[in-house]
Each structure stands twice: as C-alpha cells, then as structure tokens.
1. Please specify each residue of segment 110-141 satisfying the condition of being surrounded by 17 or more Cβ atoms within 10 Å (Cβ to Cβ) and either farther than 30 Å from HIS174 by Cα or of a type in the set (Val, Ile, Thr) (or both).
2. Do we have any residue at all in segment 107-114 that's assigned to a strand (DSSP E or B) and acidic (Asp, Glu)?
3. Answer yes if at least one residue in segment 257-268 is touching an Asp or Glu at 6+ places or on another chain (Cβ under 6 Å), without any contact (Cβ under 8 Å) to a residue 60 or more places away in the chain and more than 19 Å from THR77 (Cα to Cα), and no otherwise.
4. Consider only pairs whose beta carbons are under 6 Å apart and that are at least six residues apart or on different chains; among these, list those whose first residue lies in segment 273-287 and is free of Cβ contacts under 8 Å to residues at least 60 places away in the same chain and whose second residue is surrounded by fewer than 16 Cβ atoms within 10 Å (Cβ to Cβ) and of a type in the set (Phe, Trp, Tyr).
5. Yes or no: segment 304-315 includes at least one residue that is within 30 Å of LEU58 (Cβ to Cβ), of a type in the set (Val, Ile, Thr) and surrounded by 14 or more Cβ atoms within 10 Å (Cβ to Cβ).
6. Filtering segment 145-156 down to residues that are surrounded by 17 or more Cβ atoms within 10 Å (Cβ to Cβ) and of a type outside the set (A, V, I, L, M, F, W, C), which residue is modelled with the highest pLDDT?
7. Give me the pairs, please: first residue somewhere in segment 102-118 and touching a residue at least 40 places away in the same chain (Cβ under 8 Å), second residue anywhere and assigned to a helix (DSSP H, G or I) and of a type in the set (Phe, Trp, Tyr), beta-carbon distance under 8 Å, and either six or more positions apart or on two chains.
8. Across segment 203-260, what is the total count of residues that are aromatic (Phe, Trp, Tyr) and exposed (fewer than 14 other Cβ atoms within 10 Å of the Cβ)?
Amino acid sequence: MHPCLSILRRSAGRVARSSPPGDSPAFFLLLATAACWGFVAPAPARATAAEFGGAARLDFFATSDLFPGGEVREADTGLHLGLVPEVQFRAGRHVRVKPWAEIELERYHDYPARDLARFGFGVDIRRSNVRLRLFHGSSNDELYFPDPAGDAIVDRQQSGAEIRFEATPGVRLHAGLERETNAFDNLHPDRDDRRWTTRLGVERGEARRIRTALTWFYRDTQSVTNLYSYGQNVLRLDAEGALVDRLHGALRLEAGLRSYRTGEIFASNFSRQDSRWRVFTTLAHPVVGPLRAEISAQWRQTDSTRDSKKSVVRGFGFGLVAQR
C-alpha cells in the first residue's frame with residue numbers, strides 16, 4: 001500500500017475509536033474546520049464589520065532522520081495538515097485586531113509513535129505601521145526520542161510576544177520574546193527545562209522583486225539538573241520573491257552555535273559545543289484561485305565536540321496551500 005494511503009487509513013481508524021474529545025486529533029480537525037468556515041465559504045455579497053480569512057495546507061514530506069544524534073537513523077515519510085483560521089475587525093478608527101488560531105497535525109508512516117497534534121492561538125493588534133502579536137501554543141505527549149528503557153515523552157507550552165514596525169519606508173524592524181516549558185514523563189524528569197528565546201531582526205521590502213530579512217536569536221535553556229542547560233546564538237537570513245513567470249521562490253540560511261553549561265565533569269555534555277547549520281528552500285506556483293503548489297527541500301548538519309551527536313539530515317516535501 002502506498003505510504004500516503006496507509007497514513008490516511010491509520011488516521012481514519014483513530015477518528016473512529018472513541019477517545020476524550022480534547023485528546024483526539026479529530027476534535028482539533030473538526031474545530032478547525034468550523035473555525036475556517038469563513039475561509040472556505042464564498043465571500044459575502046456585501047462588506048461586513050469583520051473579515052474572515054486564514055490559510056490551510058497539506059504536505060507530504062520525507063526525512064532522512066527523525067531523531068538526529070540517535071544511535072541509528074530513523075528515516076520516514078508522513079503527512080502534515082495545518083489550519084490557521086482568523087478574523088479581522090476594527091477597534092476604533094486606527095486600530096485593527098486579528099484573533100487567530102493554529103492547528104497542526106502530523107502523521108508518520110513507519111514511526112506512528114511520532115504522530116502529534118499541536119495547537120495554538122493568538123491576536124495581532126495593528127495601529128498605523130506598528131503590529132503587536134501575542135500568542136500561546138502547546139502540544140501533549142510528543143515523542144522527543146525513542147529509548148529501549150522507555151521513550152522520552154514531553155508536553156510543551158509556548159507563550160510569547162512580538163512587535164514589528166516600519167522604521168523607514170521599505171525597512172521594518174522586529175523584536176520578540178518567547179518562553180517555552182518542557183515537562184517530560186516520569187522516566188526522564190532530569191530533562192525538564194524552561195527556555196527563553198529573544199530575537200531581533202530587520203526586514204527590507206521588495207527590491208527588484210526580492211524581500212530580505214536578517215534575524216538574530218538567542219536561546220537560554222535551563223534544565224532542572226543543569227545537565228542539559230545551554231546558551232545558543234542563531235543568525236538567520238531569509239530571501240524570497242518572484243523568479244520567472246508566476247514562480248515564487250524562498251531561501252532560508254541559518255548558522256548557530258550552542259554551548260552547554262553543565263559544570264559536572266562526569267556529565268556527557270560537559271564542555272560540549274555544537275555548530276548547527278541549516279538550508280531550507282521552497283518553490284511555489286499558483287494552481288487555481290487562492291490555491292498554490294509548493295515543493296521544498298532542506299539540509300541540516302550538526303558538528304559537535306561530542307561525536308555521537310554529529311548528524312546530517314536531508315528532507316523534501318510537496319504541498320498544497322490555500323490562503324485568503
């Protein structure tokens with residue numbers, strides 16, 4: 001049976017089984033479908049105070065390694081469904097408010113234990129050339145890595161804020177702060193941590209049909225045992241725009257340095273440093289109306305002073321995206 005058909009059949013089987021509504025991927029899918037009605041339904045004949053919209057995407061993807069740095073490579077294929085319903089309205093003459101929700105479902109062919117559901121919500125508040133975003137997201141029972149003695153399962157919670165404004169015509173600045181907590185199961189409580197991520201960036205509007213952005217990230221992670229605590233700097237360069245005809249391209253380059261802070265000489269991460277590199281590229285072309293097709297490819301490499309954590313990961317994907 002084709003991998004995609006097998007994944008869809010397994011997902012359908014899960015929907016059929018009874019489970020608490022909040023724990024079922026079907027619950028989130030139905031919720032998103034209802035919330036996206038304004039996105040998929042025909043536009044109203046006359047303008048209303050609120051504007052409904054959003055995005056939906058379905059991707060097939062393949063990766064050469066699900067758990068980089070593990071003892072063996074775990075290549076796999078899967079499906080990803082993303083839904084982002086939103087509604088926008090005015091609050092006074094100069095302020096626009098846009099609440100939104102985000103639902104992501106992933107299903108894997110060879111490694112179903114990696115299946116997951118993420119969901120989040122937030123609000124964008126825009127006044128003139130300034131936009132403030134507040135958001136929260138979470139996922140439960142996510143497989144962090146497999147272990148013969150007992151898989152590491154984690155619950156994630158993420159909250160943050162971002163501000164973006166136009167400093168000069170065509171140049172935007174943005175800054176953000178995000179807090180993430182990771183709570184592991186009883187088999188791996190030493191990995192519980194909290195992470196603060198700070199980011200600063202500058203974005204230049206279209207010049208010769210190309211938009212560019214440069215962003216710096218700093219992540220500070222503190223684990224409860226200090227065995228997995230680290231600081232990480234990341235520099236990201238984005239470029240996207242029209243190529244030829246109706247073809248649209250995007251390129252992302254990332255370089256990062258992670259330094260572990262554990263002070264225990266016996267610890268496996270003592271004085272460990274990782275250099276992390278990533279390249280991600282997409283090509284998109286309109287299909288019909290708001291629907292477009294995308295192909296993507298990525299490459300990630302980690303060079304580490306801890307030899308067992310060196311890795312190279314390659315992946316590709318094909319997707320359909322609709323946005324309004």
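The values are calculated or read from the model by the stated rules, or taken from the named source; none is laboratory data. Source: prediction; values computed, not measured. Reconstructed Cβ throughout: ideal geometry from the backbone, glycine too, with neighbour counts over all protein chains shown.
1. Result: ARG114, ASP115, LEU116.
2. The answer is no; no qualifying residue exists.
3. The answer is yes; a qualifying residue exists.
4. Sorted first by the residue in segment 273-287, then by its partner, the pairs are VAL279/TRP299.
5. Yes, some residue in segment 304-315 is within 30 Å of LEU58 (Cβ to Cβ), of a type in the set (Val, Ile, Thr) and surrounded by 14 or more Cβ atoms within 10 Å (Cβ to Cβ).
6. Filtering segment 145-156 for residues that are surrounded by 17 or more Cβ atoms within 10 Å (Cβ to Cβ) and of a type outside the set (A, V, I, L, M, F, W, C), the one modelled with the highest pLDDT comes out as ARG156.
7. ILE103/PHE28; LEU105/PHE28; ALA117/PHE28
8. Number satisfying all stated conditions: 2.
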